[in-house]
Amino acid sequence: MEETVCRKEYSIGTKPRGGDRPALIRDDMLKECTASCNPNPFKIVVGPGFILLTPEAIEHQYREIRRIFFAGFDTYEEWKLVPGYSHIYLAGINYNAKAIMYSVDLCGRPILILNEVLIHELCHAELGPGGGDHGKRWRNRMEKAAQVADAIRYVELAQELREDRDLYDPDSDFYEPPMNAATCYEAIRRMVREQPPDWSFEDVMYWVGRDFYEPDDQLIKKFKKCRQVFEKAKMQVRHVASVPDERQG
Ligand SMILES: [Zn+2]
């Protein structure tokens with residue numbers, strides 16, 4: 001019986017690689033194999049043109065990123081990666097449990113995004129609870145990681161990391177200020193105007209939360225008038241709908 005053999009074989013070692021040679025999974029490693037090849041431990045072939053990264057691949061990438069970009073962090077390996085699902089976040093941190101949680105969404109995203117997300121979270125983790133926000137210390141740590149990406153000639157990643165960092169830098173042109181009461185209420189009004197009339201308060205808050213990367217229950221707790229703003233916007237929409245169209249009169 002003939003077997004299809006990959007040009008390269010990939011294995012996931014548990015030992016750290018020798019030297020400083022990066023052994024990150026790259027997109028080209030995922031393209032070469034087909035379903036009939038020896039199983040590539042980094043991916044599951046779902047069907048023609050569709051693959052998923054395996055949890056082992058995510059774990060491997062995490063270890064390599066920690067080794068290359070965060071040498072000296074968590075030498076006792078107390079931190080762990082925990083898969084999960086969130087409709088808001090791709091990843092998050094639980095400092096008490098020393099856990100980096102990632103959404104299984106990442107198993108279907110490009111490697112570049114996976115790398116960027118892992119580095120983003122590891123910057124938080126290394127700084128500890130005090131460095132949890134996206135303040136200056138965190139942004140400096142992201143820059144340091146971008147410089148490592150420069151050094152290993154991973155230009156695309158260096159750029160991605162700097163773009164992510166700039167979203168949180170008030171001096172940057174790409175700064176996205178955090179949501180406040182006014183922007184939250186405006187988002188609610190817009191959502192009520194633009195979405196089908198049967199959308200409930202919960203529907204609207206779910207999507208406002210998604211748009212602003214903040215869970216709906218936290219928004220409702222933080223900004224006290226969400227429901228009031230929603231009800232008023234609903235009434236206005238109903239009122240507009242009931243005004244007779246002059247052109248038909
Ligand atoms: Zn963050």
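Bear in mind that the values in this text are calculations on the coordinates, not laboratory data. Predicted model, so just to flag it, every value in this text is computed and none were measured. Neighbour counts are summed over all protein chains in view; Cβ atoms, including those assigned to glycine, are modelled from backbone coordinates with ideal geometry.
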Using a Förster radius of 22 Å, what is the FRET efficiency between Lys136 and Ser86 based on their Cβ-Cβ separation? Nearest 0.05, please. 0.25
Please sort 166-177, 195-206 by packing, taking for each peptide the average over its residues of neighbouring beta carbons within 10 angstrom, highest first. 195-206, 166-177
Given 69-77, 236-244, 106-114, 150-158, the highest-first ranking by average Cβ count within 10 Å works out to 106-114, 150-158, 69-77, 236-244
Measuring from label point to label point, each 7 Å out along Cα→Cβ, what is the Tyr175 to Arg109 span in nm? 2.5 nm
Place a label point 7 angstrom from the Cα of Glu143 along the Cα-to-Cβ direction, then list the residues of the range 153-168 whose backbone nitrogen is under 17 Å away. 158-168
Longest to shortest principal axis, alpha-carbon extents of the range 181-239, angstrom: 30, 18, 16
Percent antiparallel among DSSP beta bridges with both residues in the chain, to the nearest 5? 60 percent
Could you please state, rounded to a whole Å, how far the C-alpha centre of the range 162-181 is from the C-alpha centre of the range 191-249? 26 Å
Which value, in debye to the nearest 20, describes the size of the charge dipole of the range 129-207 about its Cα centre when Lys and Arg Cβ atoms bear +1, Asp and Glu Cβ atoms bear -1, and nothing else is charged? 340 debye
The FRET efficiency for Arg210 and Ala151, from their Cβ-Cβ distance with R0 = 41 Å and rounded to 0.05, is 0.70
Quick check: the angle from helix 155-166's long axis to the longest principal axis of the chain, C-alpha only, nearest 10 degrees? 40 degrees
Quick one: order Glu59, Glu160 by neighbouring beta-carbon count within 10 Å, fewest to most. Glu59, Glu160
Rounded to one decimal in nm, the spacing of the 7 Å Cα→Cβ label points at Gln228 and Thr183 is 2.2 nm
With -39,500 (n - 2.57) per DSSP H segment of 4 or more residues and division by the full residue count of the chain, the 222 nm estimate, nearest 500 deg cm²/dmol, is -14500 deg cm²/dmol
Of all lysine pairs in the chain that are eight or more residues apart or on different chains, those with Cα atoms under 18 Å apart total 9
If unit charges are put on Cβ atoms (+1 for Lys and Arg, -1 for Asp and Glu) and the dipole of the range 27-166 is taken about its Cα centre, the option from Ala145, Gln61, Pro129 lying farthest towards the positive end turns out to be Pro129
With a Förster radius of 51 Å, plug the Cβ-Cβ distance of Asp27 and Gln236 into 1/(1 + (r/R0)^6) and report the FRET value to the nearest 0.05. 0.55
